[in-house]
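Notes for the one structure printed next.
Just so you know, all these numbers are worked out from the coordinates, no wet-lab data involved. Bear in mind the structure is a predicted one, so any value in this text is a computation, not a measurement. Virtual Cβ from ideal backbone geometry, glycine too; neighbours counted across all protein chains shown.
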Amino acid sequence: MIRIICTTWALLLTLALPVRAEVKIQEITTPGGINAWLVEDHTIPFTALELRFRGGGSLDAAGKRGATNLMVGLLEEGAADMDARAFATRTEELAASFVYSSGDDTVAISAKFLTENRDAAMTHLRASLIEPRFDQDALERVRAQVLSGLRQDLTDPQAIASRSFDSLVFGTHPYGSSQDGTIESVTALTRDDIVAAHQGTMARDRLYVGAVGDISAKELGALLDDLLLDLPETGADFPPVAAMNFPGGVKVVEFDTPQSVVVFGQEGIDMTDPDFFAAYVLNQILGGGSFESRLMQEVREKRGLTYGVYTYLADRDLADFWAGSVASGNETVTEAIEVIRAEWQRARAGVTQAELDDAKTYMTGAYPLRFDGNGPIANIIVGMQMMGLTPDYVSNRNTMIEAVTMDDIFRVAQRLLDPAALSFVVVGKPQGLDPT
Amino acid sequence: MARLFALAVALLSFSPMAARADDAVTDFTLDNGMQVVVIEDHRAPVVVQMVWYRSGSADETPGVSGVAHFLEHLLFKGTDTLEPGEFSATVARNGGADNAFTSYDYTAYYQRVAADRLELMMRMESDRMVNLRLSEDDIATERNVILEERNQRVENNPSALFREQKDAVQYLNHRYGVPIIGWRHEMESLSLKDALSYYGTYYSPNNAILIVAGDVTPEGVKTLAEKYYGVIPANPDLPERNRAVEPPQTAERRMIYRDPRVAQPWVSRSYLAPERDSGAQEDAAALVLLAEILGGGQTSLLNERLQFDREMVVYAGAGYGAGSLDDTTFDLYVVPKPGVTLQQAEDALDEVIAEFMENGVDQQQLDRIKMQLKASQIYARDDVESIANRYGRALTQGLTVADVQAWPEVLQSISADQIMAAAQALFNRDRSVTGWLMSDASPDAAAKEVSQ
């Protein structure tokens, strides 16, 4: 009985081919010379527009850590003839959604707006991008919010862990500290610093645009020119590629909390490397976030040491590394780390054919499921541009996953996985752990 | 993360939106009593299958808190025909993702896969509705997993510990006062028998709702649903859902939670409040609008007065859990700036409420909120999974498909007077809990400490 049913399911698996992602990406250049990718879909009367500026928090000037983050937080706090309250009121009237955010490598603006008042919504968004006021009272108010978050981070084990890890690995490079800044640096920021961060980060020479929804190429062209042509031509210099330090062993940050939070990592691989896809598949098998990964099976399913354990290939603009995280009670975290180390070592011997096949089926099947809405697609197509990909990547990507062989996995495992360099940062009161 | 539980009344989560009749929603009931809802969206060849059970942590027997959520984890172990772990492995081998979540009023399981794999998903999901096979080994390991989950979500997070204590104080008799994930000491002794007892009582087609959303047709779903779920007999002994009722609350409650890990103290005030009732959603709709008016964003009254005018707070907000089977809460919170004490913050909060009760609703603000609610219906269509979730929550919380579809119009129909009447009924301190979250023993020291 059991056997028969299993066979039927196996049959279903082999017969059902993965669906293809079907998005028609148009590459457009506006009359004013702005490049953008567009996916037209007139099903729902709104447009999702993603703007990204490369650089982000890493462009903070020396001694001005947190300037970009604070600047981005102020874009919606007053623009043109509107103070913060007037700006917010107008956004509500338009029923548009503008989300402004910054990260290590980007300043991002995610906009959603209705077709019925598109022009008015874009006039409003433009004001925040081109003519932000950075009023002193708004600056003080948002600074207080950022400082409140920074204070909370000082006693949040997750935040302590990622900061300690970044500092260990990247030292004085911008990646070595939080782009939110520190209490000291943010306290010292002036309005001039904010204006400089605006000019330095939001320039056209580092701009990427993705739009999806109820808009034509011609309409988008005119819209983008109105919205973006008045941004500065060029901005601040990019920092150098980050040197990385992975000393191996365990660094413990003592913090009185019941569950230890762990971040770990070693060097990674660039997306342009011929072995990237092999490493990507290997990561999926090792700790790629599904229940089927070796780490989830060994640390959670077999031993009950954690609620979750993951690894990922971090392909940042200025560094490539292989990182992961786990959280486990202070009494059990030592065992969790031992298991992760052992799995790191074991994976150097490669994987089984069944593991490779399963990972490929999952990854190729899951990929088209990502393209399931205007918002998600806008995110994907702007991300692709930042990675230097072309639109045909959407149809070729699964072929590259399929092409990965057992030999490729073995080669990349031998080349990259380095248990001696795998470095752990533990925040908590771990028992029986020898810091090295 | 996977096999998660949802905090039913998350302070900031606010989604009053509901689908309209034109959202391509079809519903029907199988002969065994299982309700089925189909939501069509043909833009991508993707389908989400969800099975929602009308039972959650608030349906547990006293003494075994957390068993609903524990069982949810255990449903990924074996059945008569599936090895432990094979369920998720099979979903993954089909390029899909699966998970589950538990709340006070429901437990739900879902898979997101290519539309042509729906049959396989139904075969497996219907199988574990009644054929679960658990061993003592499964129990021991998975109990450690949920204890680590509690560590991660609650023990490591002073705000979560504070909220847990607050809920326990808010409810005098109802199980909403017990955490979804369970009290630690009871979780530690959850047994195979406890899990199977809950499973036997509540997991049956007549206590379940199937929701299929995505690139499917109602006819196709019906054929498959009849084949896989329709053959499972109804449970004739399914208990009626009569849970303990709150007695009249007649004493204002105050609490202080101290934890050295608190770097940003804040004040919380919650009031016992009515929830959305089938066919009578007006009071709840008025409270949704009230929460928006008082604490919904930058232009809300609390932020106008306390963040902008008086410059006392980092931020302030309001939240209302409209969806709930039984009495819910309306929550307000104020996060003071350094140098402002929690007492000053609380007093300021009460002054804003008093001012609102005196001056009433600003009609322009109400118009803006209604315009945003209308627009949110358009934006929501971009995410069929969120529409599926909305139906699942509503149908497990005593509402009907018609209630869900009427909700946007009910929200638009509410007048300023109705909002004031709802506020009048709500703001009774005898039914409230005021909580201070702080790091230090002395209330006034909290503000000083953070300003250092």
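A compact table of results
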quantity: Nearby lysines by direct alpha-carbon distance to A:Lys251 (threshold 24 angstrom, same-chain neighbours under 8 apart not counted); calculated: A:Lys429
quantity: C-alpha long axis of helix B:401-413 to longest principal axis of chain B, angle in °; calculated: 20 degrees
quantity: Derived scalar couplings ³J(HN,Hα) [segment B:223-230; Karplus, 6.51 cos²θ - 1.76 cosθ + 1.60; whole Hz; x for Gly, Pro]; calculated: 4, 5, 4, 5, 5, 9, 8, x
quantity: Peptides ranked, highest mean first, by Cβ atoms within 10 Å: ranges B:239-247, B:359-367, A:136-144; calculated: A:136-144, B:359-367, B:239-247
quantity: Whole-Hz couplings from phi, Karplus 6.51/-1.76/1.60, listed for segment A:103-117; x for Gly and Pro; calculated: x, 4, 10, 8, 9, 10, 10, 10, 10, 10, 8, 6, 5, 5, 10
quantity: Size descriptor, Kirkwood hydrodynamic radius, that averages inverse alpha-carbon separations across segment A:281-396, Å; calculated: 16.1 Å
quantity: Karplus-derived 3J(HN,Hα), 6.51/-1.76/1.60, for each residue of segment B:181-196, Hz, glycine and proline x; calculated: 6, x, 6, 3, 5, 7, 4, 4, 10, 4, 10, 4, 5, 4, 5, 5
quantity: Chain B - share of DSSP beta bridges that are antiparallel (%, nearest 5); calculated: 75 percent
quantity: Peptides B:124-134, A:273-283 ordered by average Cβ neighbours within 10 Å, highest first; calculated: A:273-283, B:124-134
quantity: Amide H within-cut-off set for B:Ala244, under 5 Å, with H built and near neighbours excluded; calculated: B:Arg175
quantity: For chain B: Kirkwood Rh in Å [reciprocal of mean 1/r, alpha carbons]; calculated: 23.2 Å
quantity: Distance from segment B:18-84 to segment B:106-179 (C-alpha centre basis), Å; calculated: 13 Å
quantity: Principal-axis tilt of helix B:158-170 within chain B, Cα atoms, nearest 10 degrees; calculated: 90 degrees
quantity: By average C-beta atoms within 10 angstrom, highest first, the peptides B:99-105, A:234-240; calculated: B:99-105, A:234-240
quantity: Cβ-based charge dipole, the protein assembly as shown, positive-most Cα from B:Pro218, B:Thr434, B:Ser57; calculated: B:Ser57
quantity: Ascending count of other beta-carbon atoms within 10 Å, so fewest first, for B:Tyr315, A:Tyr307, B:Tyr333; calculated: B:Tyr315, B:Tyr333, A:Tyr307
quantity: Around A:Ser260: net Lys/Arg minus Asp/Glu count, Cβ-Cβ under 13 Å; calculated: -4
quantity: Sequence-separation-based contact order of chain A, relative, with Cα cut under 8 Å and 6+ spacing, percent; calculated: 22 percent
quantity: For residues of A:361-368, the mean tally of beta carbons on other chains within 10 Å; calculated: 5
quantity: Relative contact order of chain B, defined on C-alpha pairs under 8 angstrom at six or more residues apart (%); calculated: 23 percent
quantity: Least to most buried among B:Leu373, B:Leu306 (fewest other Cβ within 10 Å first); calculated: B:Leu373, B:Leu306
quantity: Separation between Cα centres of segment A:171-230 and segment A:77-144, rounded to whole Å; calculated: 13 Å
quantity: Distance from segment A:390-435 to segment A:348-389 (C-alpha centre basis), Å; calculated: 15 Å
quantity: Reachable lysines from B:Lys337, criterion Cα separation under 18 angstrom, eight or more residues apart if same chain; calculated: B:Lys448
quantity: Partner chain coverage, peptide A:286-295 - average Cβ within 10 angstrom; calculated: 3
quantity: Size of electric dipole in segment B:60-216: Cβ of Lys, Arg +1 and of Asp, Glu -1, about Cα centre, debye, nearest 20; calculated: 320 debye
quantity: Size of electric dipole in the protein assembly as shown: Cβ of Lys, Arg +1 and of Asp, Glu -1, about Cα centre, debye, nearest 20; calculated: 1120 debye
quantity: Amide H contacts under 5 Å for A:Gly181, placed H, 5+ residues apart; calculated: A:Gly66
quantity: Peptide-level mean, for B:375-385, of C-beta atoms on other protein chains within 10 Å; calculated: 6
quantity: Built amide H within the under 5 Å cut-off of A:Tyr310, gap 5+; calculated: A:Ser325
quantity: Rg in Å to one decimal, and Dmax rounded to a whole Å, for segment A:137-176 via C-alpha atoms; calculated: 12.8, 38
quantity: Fewest-first ranking of A:Met384, A:Met363, B:Met255, using other Cβ atoms within 10 Å as the exposure measure; calculated: B:Met255, A:Met384, A:Met363
quantity: With Cα atoms, 0 to 90° folded angle of helix B:384-396 axis to chain B main axis; calculated: 90 degrees
quantity: Kirkwood Rh (inverse of mean 1/r, distinct Cα pairs), the protein assembly as shown, angstrom; calculated: 28.9 Å
quantity: Rg(Cα) / (2.2 N^0.38 Å) computed for segment A:172-250, rounded to two decimals; calculated: 1.60
quantity: Mean Kyte hydropathy of -1.0 or more with a Cα span along the axis of at least 24 Å, helices from DSSP in chain A; calculated: A:136-153, A:353-369
quantity: Among B:Tyr109, B:Met124, B:Ala421 the positive-end extreme of the charge dipole of the protein assembly as shown (Cβ point charges); calculated: B:Met124
